[in-house]
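Reading through the structure tokens given below for one structure.
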Amino acid sequence: MCRVSCESASVAVLLHPTGNGLRLLLVSERTGHRALLDATVLDALCALTPSAATALVRAAVQGAGP
């Protein structure tokens, strides 16, 4: 569907059909990690303030040790 990239990451974004409807399939091109996001998760992400989104990403990056 599309690719979202910046200087430190690149993620492929695909539509993925499931038995309960479409999901977004996110694939990290650096690590190969995958995540399926449904509309509920996307709606919750839309409600985050910029500082809350930054804190969430910071916590995820710091917790992703070897």
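The values are calculated or read from the model by the stated rules, or taken from the named source; none is laboratory data. Because the structure is predicted, anything quoted here is derived from the model rather than measured. Cβ coordinates were reconstructed from backbone atoms using ideal geometry, including for glycine residues, and neighbour counts include every protein chain displayed. When the accessible area is computed, the model is the full protein with side chains, heavy atoms only, and any ligands, DNA or RNA have been set aside. Shrake-Rupley method; radii C 1.70, N 1.55, O 1.52, S 1.80 Å.
Run V11 past the list (1) in contact (Cβ under 8 Å) with a residue 12 or more places away in the chain; (2) part of a loop (DSSP other than H, G, I, E, B); (3) among the β-branched types (V, I, T) and report the number of the one that doesn't hold. The number of the failed condition is (2). Within the range 40-51, residues that are more than 14 Å from L22 (Cβ to Cβ) sit with their Cβ atoms under 9 Å from residues that are open to solvent by 90 Å² or more (accessible area, probe 1.4 Å) and part of a helix (DSSP H, G or I), at 6+ positions apart or across chains, in these pairs: L45/L56; L48/L56. For the range 38-50, check the following and say yes or no: at least one residue is closer than 18 Å to C2 by Cα and among the hydroxyl-bearing types (S, T, Y). No, the conditions are met nowhere in the range 38-50. Condition first: open to solvent by 50 Å² or more (accessible area, probe 1.4 Å) and either of a type in the set (V, I, T) or touching a Cys at 6+ places or on another chain (Cβ under 8 Å) (or both). Can you find one or more residues in the range 19-30 that meet it? No, every residue in the range 19-30 fails to be open to solvent by 50 Å² or more (accessible area, probe 1.4 Å) and either of a type in the set (V, I, T) or touching a Cys at 6+ places or on another chain (Cβ under 8 Å) (or both).
Yes or no: the range 21-35 includes at least one residue that is out of contact with any Leu (no Cβ under 9 Å at 6 or more places or on another chain), free of Cβ contacts under 8 Å to residues at least 60 places away in the same chain, of a type outside the set (D, E, K, R) and part of a helix (DSSP H, G or I).
No, the range 21-35 contains no residue that is out of contact with any Leu (no Cβ under 9 Å at 6 or more places or on another chain), free of Cβ contacts under 8 Å to residues at least 60 places away in the same chain, of a type outside the set (D, E, K, R) and part of a helix (DSSP H, G or I).
How many residues does the range 39-66 hold that are open to solvent by 50 Å² or more (accessible area, probe 1.4 Å) and either charged (D, E, K, R) or not in a loop (DSSP other than H, G, I, E, B) (or both)? Number satisfying all stated conditions: 19.
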